[in-house]
Amino acid sequence: MSEKISISIDGKEIAAEAGANLLQVARDNGIDIPGLCYHRRITPTGACRLCVVKVEGQRGLLMSCTLQVAEGMVVTAFDRELQESRRHTVDYLLAEHNDHDDGTYHDELRILASEYDLLDPAQRKVPNIFRSIGYRVDDTSPVLTYDASKCIKCFRCIKGCDEIQGKNVLSFSERGIVSHIIAGFDIWSESECDGCGECIQLCPTGAIVEKPHRETIKLDQIEKRVKTTCPYCGVGCQIELLVQDGMIVRANGVEGVSPNDGRLCVKGRFGSDYVANRDRLKSPLIKRNGKFEEASWEEALALIASKFSDIKENHGRNALAGYASAKCTNEDNYIFQKFIRIAFGNNNIDYCTRLCHASTVVAMLRSIGDGAGSNSIEDFALTDCLFVTGNNIIETHPVTATYVKQGRAKGMKIIVCDPKWTPLVKYADIWLQPKLGTDVALLNGMIRQIIKDGNTDTNFISERIKGGMEAFEELKELVEKYTPQIVEHITTVPSDIMIRASRMYAEASTAMIATGMGLSQQVTGTHNVFSLINMMLVAGQIGREHCGINPPRGQNNVQGATDVGCSPVNYPGYIPVGDSDNRRRMAALWNVPYEELDAEPGLSTVEIMHAAHRGEVKGLYIMGENPMVTDPDTNHTREALEKLDFLVVQDIFETETTPYADVILPASSYAEKDGTFVNSDRRVLRVRKAVEMPGEAREDWRIIAEIAARMGYSLGSYSDAGEIFDELAQAVPMMRGISWKRIDHQGIQWPCHDPGHPGTSTLFLGKFNTPDGKAVLNPVDYTEQTEKPTAEYPFMLNSGRILYQYHSSTMSRRNKALNDFANEAYVLMNLVDADRLGLRDGDRVRLSNSRGELETILRESTEVAVGELFMPWHFSEAMVNNLTRAELDPYSRIAPFKLSACMVEKV
Amino acid sequence: MSSIKIELRQQDIDKIKEIAASFGNREHELINVLHKCQEHFGYLPAEVQEVVAEELKAPVAKVYGVVSFYSFFTMTPKGKHPISICLGTACYVRGAEKVLDEFKKELSIEVGQTTGNGKFSLSSLRCVGACGLAPVVLVGEKTYGRVAPDDVKNILKEYND
């Protein structure tokens, strides 16, 4: 804590922290000194000269934004001379300024012009010359327009791009009166700008404005501003939706709250147009004679209830299963799992988490007792060393990455471990590029090196690891064979680089890990993460602030959907289904007979498909998932769906999966309902209704409850989502202290056990969440991948995501702004391979293996190693999962999306 | 921005890297690095600036910002015969601007541009220390004194090669 001091501004005594910014202190205390270049989130610039003040004992007018407060400071913020000076400044700014106001943006200069009575040009002393200057307009970006005639050169945009987003795309060109902001070489669309729009949000005068909805938006016609949570990745950015004529016309980042403090990425800012897309499902559809026909809710619900009931009666309860959704709210998912457990009477419920971080969660649960990220998103700027493995964090979690880049700017060390180049490599000290599927060998080699160097934390090992030094000895013995030479041979990572990385990680005073799909989506996914955790434990890089392991979540509510029990093995709060005490507790909470709650674990995502393929699962209820794109081995998935007796898909759009449905139900998007999401740092965040649902679409949880009622089961009577949340907070022990009311202004991080608890920013500070409070080492050996390149299928195909599209792209591809950036599938191939095969950039190629094939465009690249390929998997016209396999990790049942042998030929 | 698209050869890239390295690849040496690059290439096309940015780990917009700020730096190649007209006080009062206008008219280019055939480029400068000869024009290394607008055609004729 800084020292508290006392200052006086215009005679008012103010307590402040020594060294704080004077302008901010004044504003925080209601003294609204004007200023256009200053913004709380960037360093002070001192360009506009509007925040001038007088300080006793100092000469002249001083810019308050450049002053730090000190004990006894006596400040004059408003007097005649200061106001005169400010009026002159505004007058001068207006002289070069195009003050046409189109009513589409918040104009801070215009407000000042009004305050200083300068709106009327007749009141100004300086004639306006903006027309004679010939200001330029850069209209090339897909998402924004820069008009130099409205720019006051305050530097907020440049600093925002640099200091907040860490992108450094903007600068200043030319000099004098014609100087202006530039992106790259002065053509926005050709620059590295990725469209996050931070500059738009910071611009005080509307010189940088967004393109989408420019023609329609009128600030004086905005009906409401709704604070909610972004529907894309798991960062959980807080956004403010502006609604006009019942449509979302703008999204701003909400400042002053975690996790994003105003920052957004391109999807968060420009990705909500899908909500009002005309393709939205508006009425229930029933398939008759192979064709979907509109039906009433009554008819659709009655049909579903009778079909599900028939299947249960004729084939037993295990013939039914459900897919929950990481896109839906906790309330929707909680009611869905309640439905499966009460109405279906089994635990056959899972969702896409099985396909992303299941192995991570299994390994983390066994080793440290919690599958969630141990740190807060802000900690990514505060740790001394960050080890990022199998995680393209800049593209998949862009706002978390802004914290990483801020940390980097302050000297944080970054180690990237990825077979494919990612943008973070540009910021990294070390890039480890192991061959696909060799992670365990690399990590074991690093552990061995940490031990050899004496960089183990023996206190930590003795006190906080189960079995202490004895358990450590067992690991030490196992990793002994992973010498740098052997590791280099297996992984192709040069031994000196591996050694340097292990020292950098272990010797850092604090170090954090971010792990992603690259590690988890393998047949050895759980082993990979075990090995990673072993490294973290022997180095003692967990259990302290700014230390730990974090699996940033891919979808907005993956964390929450599992937290509230959408799992075949766990009830809400990660309590195993076999725990009879808990089932008794749930039976009482849900008001159902204890005996009816199945104690047997259910089927996981891919297992449900396998069981359907075998004819064992006959009825399936899919809520907001698209397995035809997201599940491995698409042909197998198709056959499984075709074999079902009855399939219900509840979604907001028709998808690649809906053609196989018997009934399609129109559901609600994130902007049309109240509820909560849980983000990657365990923060329970509010979702709020901004617009009405289209047609007859309904909230998901209400649909589920209606089906249950028609099957003869009551899921409870709730008047709104808040009531559901307050019930689920009772079901989920680590959320017991959180209530609908408490998270109204700002989210709370679980665990939070009682209403007075502030939430938990870092896990495992005192103990691990295992039964005895100690972490567990799980020594694992490297095993060769079962899928190997062969003469017939010589390439190993890796898959992943890109910044501009999202998941199966049902949502993201319905936003023009995002499509303008990237709307085409491609495969990356190393230049050497392309040369050898006589292929050229832009060629149309066919990728195939025994499971299927796809066609796409070839891009020559140095981002992938020789013999390896990479494809984004968002594009259904080039479905990567035609080539993947459903061979599962034995522990977590995850599928190996990252490793598929295939061949490439020119079409 | 108006710049000519060029493709750098490997030896050009190596040269830029060498220059950047000679200044320790430090971002604050940007102006010196650009200076040396312009000395080598004669001008600073975007492609050169990109390599400089990469080598100094500086944003391309910043490099371009500096290039566009200083009139010394140019993004268009100088002509085979660079023409400079002095607009210093002495030359100016004796009609240098009219001489400049004549050059612009004859060559159909503006200051800072190069003729389509790459033969002439036009720039202005401030005082070459030959005020007694005002107005002064430089073509390459050759100096012309007391130039009147009518002389322009004849001067250009000298370079009909």
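The values are calculated or read from the model by the stated rules, or taken from the named source; none is laboratory data. The structure displayed is predicted, hence computed values, not measured ones. In this analysis, Cβ positions are derived from the backbone assuming ideal geometry, glycine residues included, and neighbour counts consider all displayed protein chains. Each accessible area value is taken on the protein alone, full model and side chains, heavy atoms only, with ligands, DNA and RNA left out. Shrake-Rupley method; radii C 1.70, N 1.55, O 1.52, S 1.80 Å.
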Amide H of B:Leu122: which non-local residues (sequence gap of 5 or more, or other chain) have their own amide H closer than 5 Å, using H built in the peptide plane? B:Ile83, B:Gly112, B:Gln113
Under a point spin-label approximation (7 Å from Cα along Cα-to-Cβ), what is the B:His40-A:Leu765 distance to one decimal in nm? 5.4
Let's test the formula: R0 of 22 Å, r as the Cβ-Cβ distance of A:Thr783 and A:Glu473. What FRET efficiency results, to the nearest 0.05? 0.45
Quick one: what are the phi-derived ³J(HN,Hα) couplings along the range A:540-548, Karplus 6.51/-1.76/1.60 with θ = phi - 60°, whole Hz, x for glycine and proline? x, 9, 7, x, 10, 4, 6, 10, x
If I build a Gaussian network model for chain B, linking alpha-carbon pairs within less than 10 angstrom, which residue out of B:Gly129, B:Gly95, B:Gly112 has the largest mean-square fluctuation? B:Gly129
In the Gaussian network model of chain B, springs joining C-alpha atoms below 10 Å, which of B:Pro135, B:Pro149, B:Pro82 carries the largest mean-square fluctuation? B:Pro149
Compute the signed sum of charges (Lys and Arg +1, Asp and Glu -1) over the other residues within less than 12 Å, Cβ to Cβ, of A:Thr605. -2
Buried accessible area between B and A, both sides, 1.4 Å probe, in Å² rounded to 100, is 1200
In nm, to one decimal, how far is the modelled label at A:Asp496 from the one at A:Val257, with both set 7 Å along Cα→Cβ? 5.2
Long-range HN-HN contacts of B:Val136 with modeled amide H, under 5 Å: B:Cys86
Just check chain B against the gyration tensor rule for me: Cα atoms, a ≥ b ≥ c as the square roots of the eigenvalues, rounded for a/c under 1.5, and otherwise prolate or oblate depending on whether a/b exceeds b/c. prolate
Length added when fully stretched, B:Glu27-B:Tyr70, from 0.36 nm per residue minus Cα-Cα: 13.8 nm
Mark the label point 7 Å from the Cα of A:Arg214 along Cα→Cβ and return the residues of the range A:127-145 whose backbone N is within less than 17 Å of it. A:135-145
For the range A:682-687, 3J(HN,Hα) per residue [Karplus equation, 6.51 cos²θ - 1.76 cosθ + 1.60, θ = phi - 60°, Hz, x = Gly/Pro]: 6, 8, 7, 10, 6, 10
Per 10 Å bin, what is the whole-percent P(r) computed from every C-alpha pair distance within chain A? 2, 12, 20, 24, 20, 13, 7, 2, 0, 0
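Kindly provide the helix-only [θ] at 222 nm of the protein assembly as shown, computed as the sum of -39,500 (n - 2.57) over DSSP H runs of four or more divided by all residues, to the nearest 500 deg cm²/dmol?
My calculation for the protein assembly as shown gives -8500 deg cm²/dmol from helical runs alone.
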At 7 Å along Cα-to-Cβ for each site, give me the label-to-label distance between A:Phe78 and A:Glu600 in nm. 7.5
Rounded to the nearest 0.05, what FRET efficiency do A:Lys426 and A:His489 have when you use their Cβ-Cβ distance and R0 = 41 Å? 0.90
Using θ = phi - 60° and the Karplus relation 6.51 cos²θ - 1.76 cosθ + 1.60, list the HN-Hα couplings for the range A:410-422 in order, rounded to whole Hz, with x at every Gly or Pro. 9, x, 4, 8, 10, 10, 9, 10, 7, x, 10, 4, 10
Backbone N under 12 Å from the A:His88 label point (7 Å along Cα→Cβ), restricted to the range A:51-75: A:61
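Keeping every protein chain present and rolling a 1.4 Å probe, give me the accessible area per residue for the protein assembly as shown in Å².
Here the per-residue accessible area is 38 Å².
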Tell me the net charge near A:Ile748. Cut-off is 10 Å between Cβ atoms, A:Ile748 excluded, with +1 for each Lys or Arg and -1 for each Asp or Glu. +3
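Given an 8 Å cut-off on Cα distances and at least 6 residues of separation, report the relative contact order of chain A as a percent.
Numbers: 2060 pairs, mean separation 122.9, N = 907.
That works out to 14 percent.
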Assign one of three labels to the range B:10-69, namely rounded, prolate or oblate, based on the Cα gyration tensor with a ≥ b ≥ c the square roots of its eigenvalues; rounded applies when a/c is under 1.5, prolate when it is not and a/b is larger than b/c, and oblate otherwise. rounded
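Average partner chain C-beta neighbours within 10 Å, per residue of A:177-190?
Counting Cβ atoms of other protein chains within 10 Å of each residue's Cβ and averaging gives 4.
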